[in-house]
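**Student:** One structure, pasted below without further comment.
The values are calculated or read from the model by the stated rules, or taken from the named source; none is laboratory data. Given the structure is predicted, the values throughout are model-derived calculations rather than measurements. Backbone-built Cβ (ideal geometry, glycine too); neighbour counts: all protein chains shown.
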């Protein structure tokens, strides 16, 4: 039986590239998104749209839609980027990023615990901008804080899920050419997806909880 992966934020960008990558590897793909795309429909075996990862009722609907299905891999990819500068902080956008980037993956993972078993893996698409040690440019208050929180959640998940045989990784995709950064990145989504998939393939219970760049570099917290 083919392995099965569920990807959030799968309708475009890195999420769509991940869906395409795993489909090409022979996996069954479940694509989760707020609004489906024709590109995702061409790739995914199951598309679950109308899912806002910040809403409990939507995540409950997601859990119901995949009830009874074993997930070999859960990729928490849905994310949001706003830019705030000191002196003109917008606390609404900071809260929104915390809800989407940090609480969303935690909410989804908890809702799908029954779908995960020994040998399953959870990959959180984070950012090196969530690294406190690596912050040498300031700014981006909401994005940095939300990704740092996601890293903390991921580390705790790794500890709590290890006895169940489930490994967890925090993965920085690189500076990717997506709509989130007005397509000004350094690498295409396909390259980022391949790197993320390689890190997931190498993930074990012994390395669970780590924070890596998609190129394999271990990142500082």
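**Student:** Mind checking which residues of region 83-105 are farther than 20 Å from residue 11 by Cβ and either touching a helix residue (DSSP H, G or I) at 6+ places or on another chain (Cβ under 6 Å) or not in a helix (DSSP H, G or I) (or both)?
**Tutor:** If we filter region 83-105 for residues that are farther than 20 Å from residue 11 by Cβ, which is where we start, we get 83-95, 98, 102-103.
Passing the criteria: 83, 84, 85, 86, 87, 88, 89, 90, 93, 94, 98, 102.
**Student:** Please enumerate the residues belonging to region 44-87 that are more than 16 Å from residue 115 (Cβ to Cβ) and touching a strand residue (DSSP E or B) at 6+ places or on another chain (Cβ under 6 Å). Talk me through it step by step, then tell me what you get.
**Tutor:** As a first pass, look at region 44-87 and keep what is more than 16 Å from residue 115 (Cβ to Cβ): 44, 47, 49-50, 52, 54-58, 77-87.
Those that are more than 16 Å from residue 115 (Cβ to Cβ) and touching a strand residue (DSSP E or B) at 6+ places or on another chain (Cβ under 6 Å): 44, 47, 77, 78.
**Student:** Pull out all pairs, ordered by first then second residue, where Cβ-Cβ is under 8 Å, the residues are six or more apart or on different chains, the first lies in region 66-94 and is closer than 20 Å to residue 108 by Cα, and the second is exposed (fewer than 14 other Cβ atoms within 10 Å of the Cβ) and modelled with pLDDT under 95.
**Tutor:** 81/181
**Student:** Test residue 73 against the stated conditions and say whether it is within 14 Å of the chain's Cα centre (by Cα) and farther than 26 Å from residue 144 by Cβ.
**Tutor:** Spelling it out, residue 73 is indeed within 14 Å of the chain's Cα centre (by Cα) and farther than 26 Å from residue 144 by Cβ.
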